[in-house]
Every structure is written in structure tokens, then in C-alpha cells.
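The values are calculated or read from the model by the stated rules, or taken from the named source; none is laboratory data. None of these values were measured; they are calculated from a predicted model. Positions of Cβ are backbone-derived with ideal geometry, glycine not excepted, and every protein chain shown enters the neighbour counts. Accessible surface is based on the protein model in full, side chains and every heavy atom, while ligands, DNA and RNA are left aside. Shrake-Rupley method; radii C 1.70, N 1.55, O 1.52, S 1.80 Å.
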Amino acid sequence: MADKIFDRLIEDHDKHRQLLKQIAETHGDSEDRRALLETLTKELKAHAAAEEMALYSTTLRKPPTNDETRHSVAEHHEIEEMLNDLAATDMSSSAWLAKFDKLAHRYTHHIDEEEEEHFPDFGDYLTETDKAHMRKIFDEHKAEECEEAEVTPVAMADAKE
């Protein structure tokens, strides 16, 4: 059972890896690709927001973890911009696939770095009480954020080249 914050976050990361794999297997402007992209976008945005509220708000109060925390939060914003740009790009274009591949690579790098480097480092500075509290906050906010998260495409004309 995932009873600690890091186990819970990794559970989400594994779900995200599976969604990326499923999207990579789709073609063109299909209903499957649209539905999977919407699910992925809502999941990633909700996960990042809840992770920032639960984990990163706590690790920012632990000076030795500040650099890693700021790095991860900056990556969350970069990934959100990539998602928004992807949503504004024609799904049947080669540009969409190139942008998706870049996003998938960037996000996979981000979660691998969190799991392999940041989480073990953070664990050295967090108490069991911290971890239990963060798990509770994460679960509460993740559900709320999923309800509110949107695929927010800008106009096609605004998609990055």
C-alpha cells in the first residue's frame, strides 16, 4: 500500500509513463489521441499543483532541499507550457509528433530525476509526520485539481514553430 508521499507520487508517475506510451501508439488527429492527451494533460497539471502544495511547500522550508525544490517547480512550469503548446498544435501534423516526443522526453527526465535524486534527498530532511501530512494534502488537492484542470490550448496561430 502506498502509505507515504513518495510512494504515492511514484504511483502517479507510473500512470503518466503509461499514458505517454499509449499516446505514442496513436496516429493522426484521432479520438484516442485526443482523449489520451486530455487525460494526460489533466493528470500532469493536477499532479504538479498537488505536488507543489504538498511536497514542495514543505521542502522549501528545509534549506538543504531548496535548490532541488526550485528546480522541480521550474520544470513543472516548463512542462505545463509544453502541454499548452501541444494542445494548440494540429494533431495530424509532424510538428505535433515532434512536440509530443520532446514533451515525453522532458517529462520522463523530470520524474526520473525526482525519483532517483530528489525524493531520496528530501527523505533525509522530512519526519514521518511531515510525510503523512504531505500524503494527506496531496490526495486532497489532487482530486480537487483534477476537477479543475483544463486542456488549455491557445489559438492554433499561437502555437510555437
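For SER94, the conditions (1) of a type in the set (S, T, N, Q); (2) open to solvent by less than 10 Å² (accessible area, probe 1.4 Å); (3) farther than 27 Å from LYS4 by Cβ are fulfilled apart from (2). Scanning segment 81-91 for residues that are open to solvent by less than 80 Å² (accessible area, probe 1.4 Å) and either among the aromatic types (Phe, Trp, Tyr) or assigned to a helix (DSSP H, G or I) (or both) yields a count of 6. THR41 satisfies every condition listed in (1) in contact with a Leu (Cβ under 8 Å, 6 or more places away or on another chain); (2) open to solvent by 10 Å² or more (accessible area, probe 1.4 Å); (3) under 30 Å from HIS133 (Cα atoms) except (2). For segment 1-23, residues that are farther than 15 Å from GLU115 by Cβ, at pLDDT 95 or above and either exposed (fewer than 13 other Cβ atoms within 10 Å of the Cβ) or of a type outside the set (A, V, I, L, M, F, W, C) (or both) total 3. In this structure, LYS62 qualifies as in contact with a helix residue (DSSP H, G or I) (Cβ under 8 Å, 6 or more places away or on another chain), within 19 Å of HIS133 (Cβ to Cβ), touching a residue at least 40 places away in the same chain (Cβ under 8 Å) and among the basic types (Lys, Arg).
Of all residues in segment 69-80, none that is on the phi > 0 side of the Ramachandran plot and in a helix (DSSP H, G or I) has its Cβ atom under 8 Å from the Cβ atom of a residue that is surrounded by fewer than 14 Cβ atoms within 10 Å (Cβ to Cβ) and of a type in the set (S, T, N, Q), 6 or more apart or on another chain.
Does ARG33 fit the bill of being free of Cβ contacts under 8 Å to residues at least 12 places away in the same chain and part of a helix (DSSP H, G or I)?
No: the conditions fail for ARG33.
When the test is whether a residue is hydrophobic (A, V, I, L, M, F, W, C) and either surrounded by 18 or more Cβ atoms within 10 Å (Cβ to Cβ) or more than 25 Å from LYS62 (Cα to Cα) (or both), ALA132 does not pass it. Across segment 102-112, the qualifying residues are those that are of a type outside the set (Ser, Thr, Tyr) and in contact (Cβ under 8 Å) with a residue 40 or more places away in the chain, and the one among them that is farthest from LYS21 (Cα to Cα) is ILE111. Screening GLU31 on (1) closer than 24 Å to GLU144 by Cβ; (2) open to solvent by 70 Å² or more (accessible area, probe 1.4 Å) shows it passes everything except condition (1).
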